[in-house]
Amino acid sequence: MVAGDFVDLPPNTVHTFINNTEENVIWITGWRPKGFQKFFNDFGISSTQEGAQEKSVSQETIQKVMESCERYGMFVRR
């Protein structure tokens, strides 16, 4: 993929995202049907918080997401 590309995934498509470069990535996402924003309200870390990036990938945050992701229609294969 290059700058400006996008991917449209059908519902229930298993997928992941990995940035295998040293470059920063801006990831813009949209969800259908509406309502998935509750996930971000429940687990999101405000970018204005000190250490936001580290907090967003902390073991505590990941564990909380793993324990309750099915409530948001997400399924994680372990």
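Proximity of backbone amide H atoms, modeled 1.01 Å from N, is registered between Ser58 and no other residue at under 5 Å, excluding neighbours fewer than 5 places apart on the same chain.
Calculated from DSSP H runs of 4 or more alone, at -39500 (n - 2.57) each and per residue, what is the 222 nm mean residue ellipticity of the chain, nearest 500? Walk me through the intermediate numbers first.
Working: 3 runs with 22 residues, N = 78.
Per the formula, -7000 deg cm²/dmol.
Maximal additional length on extending the Glu70-Val2 stretch stands at 21.3 nm, based on 0.36 nm per residue less the C-alpha distance. Taking the Cβ of Arg71 as the center, what net charge do the other residues with Cβ under 13 Å away carry, scoring Lys and Arg +1 and Asp and Glu -1? Result for the neighbourhood of Arg71: -1.
Its alpha carbons give the chain an Rg and a Dmax of 14.0, 36 Å. Dipole magnitude for the chain: about 440 debye, using +1 per Lys or Arg Cβ and -1 per Asp or Glu Cβ, origin at the Cα centre.
Values quoted throughout were computed directly from the atomic coordinates according to the rules given, and no laboratory measurement underlies them. From a predicted model like this one, the values you see are computed outputs, not experimental measurements. A quick note on method: Cβ atoms are made from the backbone with ideal geometry, for glycine too, and the neighbour counts reach across all protein chains shown.
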